[in-house]
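The numbers here are math on the coordinates, done by the rules we state, and not lab data. Treat the numbers as computed from the prediction; the structure is a model and nothing was measured. Note: ideal-geometry Cβ built from the backbone for every residue, glycine included; neighbour counts use all protein chains shown.
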Amino acid sequence: MIVVTGATGNVGRPLTQALAEAGEQVTAVSRRAAAMPRGVRHMAADLAEPASLLPALDGAKALFVLLSGDLHGPEARPGDIIDLAAASGVRRVVLLSSQGVATRPLGPTRVAMRALEDALRESGLEWAVVRPGGFASNALAWAESVRARGTVAAPFGDVGVPVVDPADIAEVAAACLLDERHTGGVYELTGPEVITPRQQAEAIAAALGSPVRFHELTRDEAKAAMTRFVPAELADDTLDIISAPIPAELRISPDVEQVLGRAPRPFKDWVARNIAVFR
């Protein structure tokens, strides 16, 4: 049995589906109840209280760890999750980390994530780490303004990074959970091209068949919006990257293709699958 945390999110949902389709027994974990694919068991737990995860870990052979935004702060103790997994008899853990662990190791949330990676390596468990860059699905934050006003509002409109499709992250994570050849692997995941927020807005407009205006936010405006959902430290670390990416953050990683045998999906493919939310 495989336990997937964050199972209702942009990575957890397609990962749960992929594992179920592979014939695995899956326990999907999220803070609140949600509809699941046929045959998937759902259990409520909050990783901010690691002990709440114990019932889900009973009988599990593998665990996918995805931390919500509030667990990226320096006061969080996600390492307790690794300890619980080991004590519960879990053999393999796949961790959703961040590209910034390697490219911005001194950012406050990156220090915390690096410590979690280190705890996993030292746990005695089989492990793999996936380190995505920016998510294509971050564009969902624009859905309401596109529907209501035909507008995308974002900072640094002409600064791009190679955003990655969450479905690609999920497929790589599934491979790491199911195939022991990936044990000890650290995979940096990006999309196939550098794309700016303004170009993302253009891709949404093309898929809609109607104009979408781009409005550039200041850094302060963007941080104020982000901190409604994530700690200020995570907002600052993210804004540091998207305002001035370094060469390592602009690099198109080969790791999606290495694991999956195909190129990563471009942003326009993500838009095509999700265009209904922008209508």
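Could you rank the peptides 91-104, 32-45 by their average count of other C-beta atoms within 10 Å per residue, with the highest value first?
On the way: 91-104: 22.3, 32-45: 13.3.
Final packing ranking: 91-104, 32-45.
If each DSSP helix of 4+ residues adds -39,500 (n - 2.57) and the sum is divided by the residues in the chain, what number results at 222 nm, nearest 500 deg cm²/dmol? All intermediate terms of the calculation are to be shown ahead of the outcome.
Values: 13 runs with 111 residues, N = 279.
Using -39500 (n - 2.57) per qualifying helix, the result is -11000 deg cm²/dmol.
Does segment 67-158 come out rounded, prolate or oblate, given a ≥ b ≥ c as the square roots of the eigenvalues of its C-alpha gyration tensor, rounded meaning a/c under 1.5 and, failing that, prolate meaning a/b above b/c? Verdict is prolate for segment 67-158.
Taking amide H as placed 1.01 Å from N in the peptide plane, the amide H of Val163 sits under 5 Å from that of Gly191, Ile195, each at least 5 places away or on another chain. Each Cα pair under 8 Å and six or more residues apart adds its separation to the average, and for the chain the resulting relative contact order is 18 percent. For segment 181-279, applying the loop criterion from DSSP together with a ceiling of 16 other beta carbons within 10 Å to the chymotrypsin sites (Phe, Trp or Tyr not before Pro) yields Phe229. Counting neighbouring Cβ atoms within 10 Å and putting the fewest first, the residues Ile81, Ile252 line up as Ile252, Ile81. Using the Karplus relation 6.51 cos²θ - 1.76 cosθ + 1.60 with θ = phi - 60°, the per-residue 3J(HN,Hα) values for segment 203-218 come to 5, 5, 4, 5, 5, 6, x, 8, x, 10, 7, 9, 10, 8, 8, 6 Hz, with x marking Gly and Pro. Computed from backbone phi, the HN-Hα couplings of segment 88-94 come to 8, x, 5, 9, 9, 10, 10 Hz, rounded to whole numbers (Karplus: 6.51 cos²θ - 1.76 cosθ + 1.60, θ = phi - 60°; Gly and Pro given as x).
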